[in-house]
Each structure stands twice: as C-alpha cells, then as structure tokens.
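Have a look at the structure below before the remarks.
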Amino acid sequence: MRSWVIALIAGLAGIAAGVAYGWVINPVKFVDTTPASLRADFRTDYVLMVAEAYHSDHDPELAARRLAVFGSEPPATISGAALNTAGDVGYAPNDVVLLQELSRAMQAYQPAVPTAGSTP
Amino acid sequence: MGIGLAYAWVIAPVRYVDTSPNTLRSDFKDSFRTVIAASYAATHNLDRARARLSLLGDADPVQALTAQAQRMLAAGDSFQVIQNVARLASDLQAGESAGVPASPHPPSSTSSPIPTVSTTAAPSFTPASTPTETATDTEPPPTAVPIVTATARPSATPIPTAAAPFELVSREEICNSNLTSGLMQVSVLDRHRHQMPGIKIDISWAGGEETFFTGYKPEIAAGYADYVMQPGVLYAVRVAGAGSPITDLTAPACPDTGGESYMGGLKLVFQQP
C-alpha cells in the first residue's frame, strides 16, 4: 500500500477521534451565557413576563430596564421581535394583547437623558 | 494547528446562540427570577411561575428564591421587588406542602406554551461574521447597557410606613429544652399571611435597646427573626417603627422532668391588619 494512503487513513482516523472526543466523551458545556444568546422562544417568554408585570405596574422605565438584559437594542425592537415570535409560535390571544400593550409602551418610551453635571 | 487556532480565536470566534436559561450567568438568573416574581405578583399564576423557574435548572427553586431575596436585602434593593421574590418562594413552598408537584404543569388552554429545555439538543454556535470581535465568549455585565446607566434606579425604603402598623396576633410561651434558653422568635406577616423579610424590629429594656431585622434566617422563614432574652428582664418590642410597642415580654420559667426549672422562650407573630 502506498504511503500516502496510510497517511490519509491516519489523518481521517485522527479527525474521527477528535470529533468523537469533542461530541461524545467531553462535549462543550455552555455556562455563563447572556440573555442575548437565548433561543427566540425563551426570549419571547421573558418579554411576556415583562409585559405581564407592566400590565400591572404601568411603569415603562422599569419595563425598559428589564428588557435591557438583552443588550443595547432599543426596548421597542426587543418587544416588537417578541410580538412577532409570539404570533409565529401561536401564543394565546390574551398574551399577545399583553405583548402588544408593552410594545406600544416601548415605542412611546423615551429614556431619561442625564443632564450635564449629574451623577452618571 | 496555529493557523487553526488563529481562525478559531481571532478570525471567526465562537458565538453562542439558541442557549437556554439554565446556562445563564448567575446574575442574569437573578434577573430572570426577579421578573418571574414580578410576573407572578401581577398574574398569581403559580403553575406558570413554577414552569418558568424550572427552566433555570435550580435544584431547589424555593431555596434559590429565598437566597436571592437575602442577597437583595443585603444589597438594599427595593422592598417591593424583594417582597415579590419572597412571596413567590413562600407560595411555592405552600403549594408544594399542599401536595402540588414540583414539576412544571402543562399550560392551560388559555395560556401560551412555556418553552422547554431540550435535554438532547445542545445549543448551537455559529462563527462570528466580523473578525473584529474578541475571542472571549463572555459579554459585559448588564450594568454596561446604556438604559441602565442613564437612569437612576428607583429606591424605596424597606420599612413599611407608620400608616400600616403591625398587630400582635399570636403570643406563645415556648418550653422546649432543645431550643436556646430565652429565645424570642418573631414572625412578621403581611395582611395575606405571607412572610415579610427586611422588617425592622426594635427591642428595648430598662437601660438598653437594640434593632434587628427579619429575613436573615431564610432556612426557617423569610419573615423570621430571633433574639436571646436575659433572665428576669422585661422587654418591649415594636415592629417596623410603627404602632404601640408590646411591653412586659420576658422569658418564662419552664419546669423540666427533674422538678427543676429552665428558661423558656417566646414566640410572637405580628401581622399587618
């Protein structure tokens, strides 16, 4: 058998061993992730929780702060995306209404801008 | 190998997507529990709150909530937020003691489905599209988000106002030689008989006074606090700095099996009217 065939087989065996080790023996463990990396349905459920709380307290600033865990996206964008996902996965109508209410509030919400000289 | 590492760490570093809540960093899990508690306070849907908590993968959700309430108490967070978390823990505990299973319930026909964590499908990751991203998979903490830094957090006093004084609804002498001698056990409840952490208790006697708070022994109850009385001393207790103090409290003398006596304790329960 030619030497290059042996090298090719050895290389493929090495790759297979590496994949088996990485996928089966010692797979990647995901820890310390951020909410921005959550699957869309988990994000939507979180936004629904914020909407449920907002429906009770009517505090848009608090709702915006809760949505800020997803990163620097505007809260209106986050709530709008959740509303779309809720429609896609078939949320109950009353939950969709809550998300719509939150989405409207976030579109109207203007974050307070700190004035010059104020404490950051 | 060097080329491979350069590609994996610099050119196209790993970026995690489609993760589940049980992989979140602990401070983000705290944020999740806070929002679950706020949602529960608004909807009173315990099954839904339980299902959502199960997504976080805590071995004991009640203990996780109680511990978080203590951390928030120590950090001086809003009393309302702490109360929401403590109430959810209390209601979960009550639900479980009433025989409600701890596993998530299927959503009702009028509720949207709560997403579930797949035990077989691992979160996927995709290469980042830009080479300028760093090779680390960690991101800045939530305090770096402009909305958080641009607006001041509302603060609320942890002490209920004088308009809602607590009433002594139960006073019991405890004769139990296994307990610490002279132990005064205080429980503070709201009008719905939910435990209330973070409530200030003033205790005074001839020549002295002290202050302590409920909530520092969550393993007993969120609204529990205790104080060790000295023999022969009369104490007065006032809860939340409001209302009339309860006076003439002293450790009782309890008989033991040998005909001797030992110092017992008191159990006081205060509740908002």
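The values are calculated or read from the model by the stated rules, or taken from the named source; none is laboratory data. Computed from a predicted structure; not experimentally measured. Cβ placement follows ideal geometry from the backbone for every residue including glycine, while neighbour counts extend to all protein chains displayed.
Miscellaneous remarks
- Which numbered condition B:Leu92 fails, given (1) modelled with pLDDT of 90 or more; (2) crowded, with 20+ Cβ neighbours inside 10 Å: (1)
- Identity of the residue in the stretch B:148-167, within 14 Å of another protein chain (Cβ to nearest Cβ) and assigned to a loop (DSSP other than H, G, I, E, B), that ends up modelled with the lowest pLDDT: B:Thr151
- Qualifying residue in the stretch A:96-104 (condition: closer than 16 Å to B:Ile114 by Cα, facing chain B (nearest Cβ under 9 Å) and either surrounded by fewer than 23 Cβ atoms within 10 Å (Cβ to Cβ) or of a type in the set (S, T, N, Q) (or both)): yes
- Test result for B:Ser170, over 28 Å from B:Gln68 (Cα atoms), in a loop (DSSP other than H, G, I, E, B) and not acidic (Asp, Glu): no
- Residue within the stretch B:202-214 that is assigned to a loop (DSSP other than H, G, I, E, B), of a type outside the set (D, E, K, R) and surrounded by 22 or more Cβ atoms within 10 Å (Cβ to Cβ) present: yes
- Some residue of the stretch B:17-39 being in a loop (DSSP other than H, G, I, E, B), touching a residue at least 60 places away in the same chain (Cβ under 8 Å) and away from every other protein chain (no Cβ under 13 Å): no
- Residue within the stretch B:225-241 that is free of Cβ contacts under 8 Å to residues at least 24 places away in the same chain and in contact with a Leu (Cβ under 7 Å, 6 or more places away or on another chain) present: no
- Annotation: of all residues in the stretch B:45-68 being outside any helix (DSSP H, G or I) and aliphatic (A, V, I, L, M), the one that is farthest from the other protein chains (Cβ to nearest Cβ) is B:Ala59.
- Among the residues of the stretch B:242-272, just one is free of Cβ contacts under 8 Å to residues at least 24 places away in the same chain and surrounded by 16 or more Cβ atoms within 10 Å (Cβ to Cβ), namely B:Thr250.
- Looking only at the stretch B:184-197, residues that are surrounded by fewer than 19 Cβ atoms within 10 Å (Cβ to Cβ) and in contact with a Leu (Cβ under 8 Å, 6 or more places away or on another chain) come to 0 in all.
- Test: residue in the stretch A:17-26 that is modelled with pLDDT under 95 and at the interface with chain B (Cβ under 8 Å from one of its Cβ atoms): no
- Test: residue in the stretch A:64-81 that is more than 7 Å from chain B (Cβ to nearest Cβ), out of contact with any helix residue (DSSP H, G or I) (no Cβ under 8 Å at 6 or more places or on another chain) and surrounded by 11 or more Cβ atoms within 10 Å (Cβ to Cβ): yes
- Spans of helices (runs of 4 or more DSSP H) in the stretch A:1-79 with at least 2 residues over 24 Å from B:Ala51 (Cβ atoms): A:3-20, A:60-67
- Hits in the stretch B:167-210 - residues which are more than 24 Å from the chain's Cα centre (by Cα) and without any contact (Cβ under 8 Å) to a residue 40 or more places away in the chain: B:Asn178, B:Ile203, B:Trp205, B:Ala206, B:Gly207, B:Gly208, B:Glu209, B:Glu210
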